[in-house]
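Remarks on the structure that follows.
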Amino acid sequence: MTRQPGTTRDATPRTDCTVDSDGRITFLLPAQTAAGSHPPRLLLRLRPKKGQPEKVLHMLDLEPEDDGRLRAVLEPKLALAEGRWDVYLLPEPGEPGERGEPGERGESSAGRLRLRPGLRDLRTLVDGRARDWPSPVAVRVPYTTKDGYLAVRAWLRTAHAEVEGIEVAGRTLTVRARLHGATLAEGAAVRLRLRGGKGVVRTLEPRAASDGRAFSFTVDYGELAAHHDTGSRVWDLSVQPRPAADATSIRIGRLLDDVADRKEIFVYPTAAVGDVAVRPYYTVDNDLSVEVTAATA
């Protein structure tokens, strides 16, 4: 469980939330939230790209509990689009888009109040990789933004390859992973695609378990560092479960736990290969990539 410390000067309601084993998220707001003449509602807003208008909103009814608190439930059947969802309180009825838009940083504005986190009970998410997830793989993780507000990080993918272990030894990277929403067929391949490389791909043969779900592979840093002279390159890792030319590649990453942003938390050692530095890392979407950087004077 995680609780954000309160401050006496901050009058913004702090919202408790609990995630159950089915992915259902329950929000609980303080009793004094319902101070107006109309029942308030909860607004979930898909954060748009910079400079773009907001397009996707979900409204949740707030119902009173016996102790006076207000309760809203985000059901599992409501599949949130992949991205970051900010959580607001709508104290008065009306269409959200007609009652004022958030500012540049997403602060509160007329008609809506951005909420801060209270108690976040995410215990059911900690061991999420221990169970099999059907297709589509829908993951929702409540988290605290850098500026201290409550948001929900959502992933929605047809299938997913979850990292279960990473070992960096010398000039090699060994990854253990497991497929969810798909199975490996004969001829499956791991793909390392050079970002911005116009189709440059390196292919590895995975070591597959008998269940067709678990697999592992080893990346030779020397191959990625070959002919690298200047600047930085990034290789994105995915698995292609079937050998067909039009088969979809499934991104390899780590989504099935309670960590919304792991890029700055899970940091792996950098290996020197001649004048080149190589390191695995998680992207802002929690996908696994390998960065290759030429040494500088």
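The values are calculated or read from the model by the stated rules, or taken from the named source; none is laboratory data. Only a predicted model underlies this, so the values are computations on that prediction, with no experimental measurement involved. Quick reminder, even Gly has a Cβ in these numbers, built from the backbone with ideal geometry, and neighbours come from all protein chains shown. Each accessible area value is taken on the protein alone, full model and side chains, heavy atoms only, with ligands, DNA and RNA left out. Shrake-Rupley method; radii C 1.70, N 1.55, O 1.52, S 1.80 Å.
Can you give me the ranges of the strands (runs of 3 or more DSSP E) entirely in the range 210-297 with at least 1 residues that are touching an Asp or Glu at 6+ places or on another chain (Cβ under 7 Å) and open to solvent by 50 Å² or more (accessible area, probe 1.4 Å)?
Output list reads 232-240, 250-253, 276-282.
To keep it simple, each residue is scored yes or no on (1) out of contact with any Cys (no Cβ under 7 Å at 6 or more places or on another chain); (2) under 28 Å from Ala138 (Cα atoms); (3) at pLDDT 95 or above.
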site: Gly199; (1), (2), (3): yes, no, no
site: Pro206; (1), (2), (3): yes, yes, yes
site: Arg233; (1), (2), (3): yes, no, no
site: Ala244; (1), (2), (3): yes, yes, no
site: Tyr268; (1), (2), (3): yes, yes, yes
site: Gly274; (1), (2), (3): yes, no, no
site: Pro280; (1), (2), (3): yes, yes, yes
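Consider the range 265-294. How many of its residues are of a type in the set (D, E, K, R) and closer than 16 Å to Ala225 by Cβ?
3
In the range 140-150, how many residues are aromatic (Phe, Trp, Tyr) and buried (at least 20 other Cβ atoms within 10 Å of the Cβ)?
Final tally of qualifying residues: 1.
For the range 87-187, which strands (runs of 3 or more DSSP E) that fit wholly inside it have 1 or more residues that are at pLDDT 95 or above and within 30 Å of Val273 (Cβ to Cβ)?
160-169, 172-180
Can Thr158 be described as in contact with a Phe, Trp or Tyr (Cβ under 9 Å, 6 or more places away or on another chain) and either open to solvent by 20 Å² or more (accessible area, probe 1.4 Å) or closer than 25 Å to Ala247 by Cα (or both)?
It is false that Thr158 is in contact with a Phe, Trp or Tyr (Cβ under 9 Å, 6 or more places away or on another chain) and either open to solvent by 20 Å² or more (accessible area, probe 1.4 Å) or closer than 25 Å to Ala247 by Cα (or both).
For the range 188-209, give me each residue that is part of a loop (DSSP other than H, G, I, E, B), on the phi < 0 side of the Ramachandran plot and free of Cβ contacts under 8 Å to residues at least 24 places away in the same chain.
Listed by number, the residues that qualify are Val200, Glu205, Ala209.
Give the residues of the range 155-197 that are within 16 Å of the chain's Cα centre (by Cα), among the β-branched types (Val, Ile, Thr) and more than 14 Å from Arg129 (Cα to Cα), sorted by residue number.
Answer for the range 155-197, where residues must be within 16 Å of the chain's Cα centre (by Cα), among the β-branched types (Val, Ile, Thr) and more than 14 Å from Arg129 (Cα to Cα): just Thr158.
Select from the range 108-139 the residues that are crowded, with 17+ Cβ neighbours inside 10 Å and within 20 Å of Ala182 (Cα to Cα) and list them in ascending order.
Correct list: Gly128, Arg129, Trp133, Val137, Ala138, Val139.
Can you tell me how many residues within the range 183-201 are under 16 Å from Thr248 (Cα atoms) and either out of contact with any Ser or Thr (no Cβ under 6 Å at 6 or more places or on another chain) or open to solvent by 50 Å² or more (accessible area, probe 1.4 Å) (or both)?
12
Condition first: open to solvent by less than 30 Å² (accessible area, probe 1.4 Å), within 27 Å of Val137 (Cβ to Cβ) and touching a residue at least 40 places away in the same chain (Cβ under 8 Å). Now tell me which residues in the range 42-87 satisfy that.
Of everything in the range 42-87, those that are open to solvent by less than 30 Å² (accessible area, probe 1.4 Å), within 27 Å of Val137 (Cβ to Cβ) and touching a residue at least 40 places away in the same chain (Cβ under 8 Å) turn out to be Leu42, Leu43, Leu44, Arg45, Ala72, Leu74, Leu80, Gly83, Trp85, Asp86, Val87.
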